[in-house]
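Dropping a structure here in structure tokens format, bear with me for questions.
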Amino acid sequence: MWLLLPLKDFVKAKQRLSGCLSVAERRALFQHMVEDVMAVLSTLPESRRLILVSDDPAAHLLAEHFGADCWLESELGCGLNAVLEAALARIAQSPEAPDRVMIVHGDLPLVNVAELQQLCALQGGTDDAVAIATDRHGSGSNAVLMPVQRRIALRYGEHSLSAHRHEADAASLRFCVQHSPGLSQDIDTRDDLLTLVSQGSRERAPQTMAYLHRSGIARRLLQMNTEPNLLNREQQGS
């Protein structure tokens with residue numbers, strides 16, 4: 001099995017957090033989340049190769065650090081689905097092509113080896129099944145594991161889980177869905193960050209948590225969350 005990790009330009013990542021984080025903070029947060037994800041992916045026993053897809057120089061440095069490959073996004077296409085389709089085609093044409101490929105995203109700092117192995121077991125190592133770890137809403141596709149030669153068309157975007165289910169049905173492949181705490185916690189909004197601050201630890205998301213506390217972001221988020229609650233209580237008591 002090979003692992004594929006698509007990464008946006010770090011400067012442009014996590015723009016939905018612009019209301020509570022500066023550009024520099026968003027970039028640093030994303031890089032630390034990617035470091036946590038790669039630390040886990042690089043120790044997954046089932047994986048034989050880890051490939052990053054990104055044009056960002058920081059991604060190339062991370063690839064070197066973790067012994068991964070880094071393919072240029074600009075050489076593969078435009079848009080997440082097109083880029084990943086091109087990457088999968090390149091993988092399939094490789095002389096050492098794997099039987100399966102897992103696509104994981106970089107904003108999952110709470111991911112852990114046990115959940116990834118559960119996804120591998122769910123897919124079963126066969127060429128007739130697609131397994132997806134969904135998000136906390138049960139509508140996204142945070143990790144996708146599928147056979148390389150019988151892969152489905154990718155449909156990342158709104159309600160991607162149902163779109164991927166449709167593709168699997170059309171290809172007569174079994175479709176398996178996993179709900180797990182770490183893989184479900186992608187970080188997109190301030191509420192996601194607040195959840196992470198409460199659930200993360202030195203053992204889970206160590207790089208991300210260290211940055212959130214060192215930078216003062218964790219304290220600021222907690223204060224922002226506390227102040228409206230205090231105001232509501234004061235209004236109720238008046």
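The values are calculated or read from the model by the stated rules, or taken from the named source; none is laboratory data. What you see is a predicted model, and the numbers here were worked out from it, not measured in a lab. Cβ sites come from the backbone with ideal geometry, for glycine too, and all protein chains shown count toward neighbours. Protein only, heavy atoms only, side chains kept; ligands, DNA and RNA dropped before computing areas. Shrake-Rupley method; radii C 1.70, N 1.55, O 1.52, S 1.80 Å.
Taking the condition within 16 Å of Thr208 (Cα to Cα), open to solvent by less than 20 Å² (accessible area, probe 1.4 Å) and in contact with a Cys (Cβ under 9 Å, 6 or more places away or on another chain), does Leu62 pass?
Spelling it out, Leu62 is indeed within 16 Å of Thr208 (Cα to Cα), open to solvent by less than 20 Å² (accessible area, probe 1.4 Å) and in contact with a Cys (Cβ under 9 Å, 6 or more places away or on another chain).
In addition: May I ask you to verify whether Arg155 is touching a strand residue (DSSP E or B) at 6+ places or on another chain (Cβ under 8 Å), open to solvent by 30 Å² or more (accessible area, probe 1.4 Å) and either touching a residue at least 40 places away in the same chain (Cβ under 8 Å) or not β-branched (Val, Ile, Thr) (or both)?
The answer is no for Arg155.
Separate question: Filter the range 10-25 down to the residues that are touching a Ser or Thr at 6+ places or on another chain (Cβ under 9 Å) and closer than 22 Å to Leu61 by Cβ, then identify the one that is modelled with the lowest pLDDT.
The extreme case among them is Phe10.
Shifting gears a bit: So Glu85 clears everything in (1) at pLDDT below 95; (2) within 24 Å of Asp69 (Cβ to Cβ) except one condition, right? Which one?
(1)
Right, something else. Of the residues Arg16, Arg26, Arg90, only one is part of a helix (DSSP H, G or I), basic (Lys, Arg), open to solvent by 30 Å² or more (accessible area, probe 1.4 Å) and within 30 Å of Glu203 (Cβ to Cβ); which?
Arg16
Further question: Working only within the range 65-81, note down all residues that are more than 12 Å from Val34 (Cβ to Cβ), of a type outside the set (A, V, I, L, M) and open to solvent by 50 Å² or more (accessible area, probe 1.4 Å).
Once the filter is applied, which keeps residues that are more than 12 Å from Val34 (Cβ to Cβ), of a type outside the set (A, V, I, L, M) and open to solvent by 50 Å² or more (accessible area, probe 1.4 Å), the range 65-81 yields Gly67, Asp69, Glu73, Ser74, Glu75, Cys78.
Is at least one residue of the range 100-107 part of a loop (DSSP other than H, G, I, E, B), of a type outside the set (A, V, I, L, M, F, W, C) and over 23 Å from Glu158 (Cα atoms)?
The answer is no, given that none of the residues of the range 100-107 is part of a loop (DSSP other than H, G, I, E, B), of a type outside the set (A, V, I, L, M, F, W, C) and over 23 Å from Glu158 (Cα atoms).
Among all residue pairs at least 6 apart or on different chains, which show Cβ distances below 9 Å where the first residue, located in the range 193-215, is of a type in the set (A, V, I, L, M, F, W, C) and the second is in a loop (DSSP other than H, G, I, E, B) and surrounded by fewer than 20 Cβ atoms within 10 Å (Cβ to Cβ)?
Leu193/Cys20; Met209/Ser201; Met209/Arg202; Ala210/Arg202
Residue-by-condition table, conditions (1) open to solvent by 90 Å² or more (accessible area, probe 1.4 Å); (2) more than 21 Å from Val113 (Cα to Cα):
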residue	(1), (2)
Ser160	no, yes
Leu173	no, yes
Gln185	no, no
Val197	no, no
His213	yes, yes
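Can you find, within the range 127-137, the residue that is nearest to Val37 (Cα to Cα) among those that are in contact (Cβ under 8 Å) with a residue 40 or more places away in the chain and open to solvent by 50 Å² or more (accessible area, probe 1.4 Å)?
That would be Arg136.
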